[in-house]
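Below is one structure, written out as structure tokens; comments come after it.
Values quoted throughout were computed directly from the atomic coordinates according to the rules given, and no laboratory measurement underlies them. As the structure is a prediction and not an experimental result, all values here were calculated from the model. As a convention, Cβ positions derive from the backbone with ideal geometry for all residues, glycine included, and neighbour counts pool all protein chains shown.
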Amino acid sequence: MKKQEKKYKKSIPFDLSDFFTKLKIPMQLKKNPLKKRQLLLPALLLVSVFAIILIVLLLRAQRTVIVLDSRSLEMLPGEVYTFSVDGLPKKHDASELNWSSSNPEVASVENGILKANAAGGAVITASFGKAEVSCDVEVILKGYVQIDGDHYFYFDDGSFATTEWVEIDGVKKWFQTDGKEIVPTRMIAFTFDDGPTPYTEDVLKVLKSYGSTGTFFQCGYEVADHAEVEKMIIESGSEIGSHTWDHVSLDKLSGPDIQATLQKTSDEIFKYSGERPALLRPPYGAVSQTVKDSAGIPLIMWNITDEGLYDESYILTANAILRNPQDGDIALMHDSHAYCIDTVKYAIPILIQNGFRVVSVSELAEAKGVDLKNGYQYFTITGAE
Ligand SMILES: [Zn+2]
């Protein structure tokens, strides 16, 4: 059967090769143009897409992107923050960088310097051409804050300190009924004679705890026995004055003897504190013309004294100071007696609440603009003389 079929095929009565030739040629002619068109179109599309991507990438590469060193800030009123900006072209005009705040009452910004003004939120925006970046600012009331020049203390629950002492950085501060910290404008100098003693350090601690200072008029012979307190006095901002070597009544000495006891005392104080006394408290307040002429140092007297009171009670002494305090007063106490610690503990907070700062004699003189002169006696330092 198979052989017969083959034979039959071979016996087809027309030329097949011619038929195929005729058929193939038109087929190929038709196919080739079709293939070219089909390839051309996608290729063109692909090239365009690549070109677009390339252009976009090039444009993006050329566009400036600026970055702030902070994107969110929590600040207290009165605080200042200076932004730094990255991504700016190397050569650019500073005026091209623009700053703005969504709420200048809360936080204002100028030339990249941000200032927190009041509680609330604000968005700070920096723009350079089309580039823009922003930072969220939250101004909170927490801790010790300054508003319109006054200080307040805000607790974590949002309430603020009123009629109370709050310790800030180791210093007790008084806040009035309206929440403002009292800013003492008047001053009293506290002076302590006859030390140093075992009580001196405690007196110093009380002074420090209220941000106060004092002047310690010391006898030279006591210094070596309490050497450790000498540097503490200087480091805490208080000062050491001379009270002679052995509490001698200077009006009974000759000029050279006055100078000798003061020199010896000065050397001893310098040895342990690193500073020479710049002020003299004459023992018993005994001053003669010879003392004035030869002391070579200002003579610091007093207008308030604990003398005759400290054996009674520390409150009596404190009351001597508190009865009628005046700006420029110089109060005399004795750190050779334990009562002195309680006196300062009692008197200082009351003085602060009444607008007085407790300071050393030198601080008082400086604040009043008084240049203390050698051999002159000062009972008060008001700056009016
Ligand atoms: Zn004395």
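Residues in the stretch 108-129 near a label at Ile147, defined as backbone nitrogen under 19 Å from the 7 Å Cα→Cβ point?
108, 115-122
Stretch Gln353-Glu164 to full length: gain in nm at 0.36 nm per residue minus the Cα-Cα span? Display every interim value, and only then the final one.
Values: separation 189, 0.36 × 189 = 68.04 nm, distance 0.99 nm.
The Gln353-Glu164 span can extend by a further 67.0 nm.
Taking the stretch 246-329 as the region of interest, what is the percent of Cα-Cα pairs per 5 angstrom bin, listed from the shortest bin to the one with the maximum distance?
Using 5 Å bins, I get a P(r) of 3, 13, 19, 17, 14, 15, 14, 5, 0 for the stretch 246-329.
Return the FRET efficiency for the residue pair Ala286, Gln176: r is the Cβ-Cβ distance, R0 is 45 Å, and the value is rounded to the nearest 0.05.
Values: r = 44 Å, r/R0 = 0.97.
Here the calculated transfer efficiency is 0.55.
Gain in length, Asn319 to Thr82, computed as 0.36 nm per residue apart minus the alpha-carbon separation, to one decimal in nm? Walk me through the numbers before you get to the answer.
On the way: separation 237, 0.36 × 237 = 85.32 nm, distance 5.02 nm.
Residue separation times 0.36 nm, minus the Cα-Cα distance, leaves 80.3 nm.
Roughly what % antiparallel, to the nearest 5, for the DSSP beta bridges in the chain? Walk me through the numbers before you get to the answer.
Working: 35 of 63 bridges.
Of those bridges, close to 55 percent are antiparallel.
Determine the gain in length on full extension of the stretch Asp251-Lys205; use 0.36 nm per residue of separation and subtract their C-alpha separation, reporting nm with one decimal. Before the final figure, lay out the partial values.
Working: separation 46, 0.36 × 46 = 16.56 nm, distance 3.46 nm.
So the extension gain works out to 13.1 nm.
Pop a pseudo-label 7 angstrom from the Cα along the beta-carbon direction at both Val65 and His92 and give the gap in nm to one decimal.
1.4 nm
In what sequence, highest mean first, do 357-365, 178-186 appear when ranked by Cβ atoms within 10 angstrom?
Values: 357-365: 23.8, 178-186: 14.8.
Answer by packing, highest mean first, reads 357-365, 178-186.
Of the residues Pro349, Pro196, Pro42, which exhibits the maximal mean-square fluctuation in a Gaussian network model of the chain defined by a 10 Å Cα contact cut-off?
Looking only at Pro349, Pro196, Pro42, the biggest GNM fluctuation is shown by Pro42.
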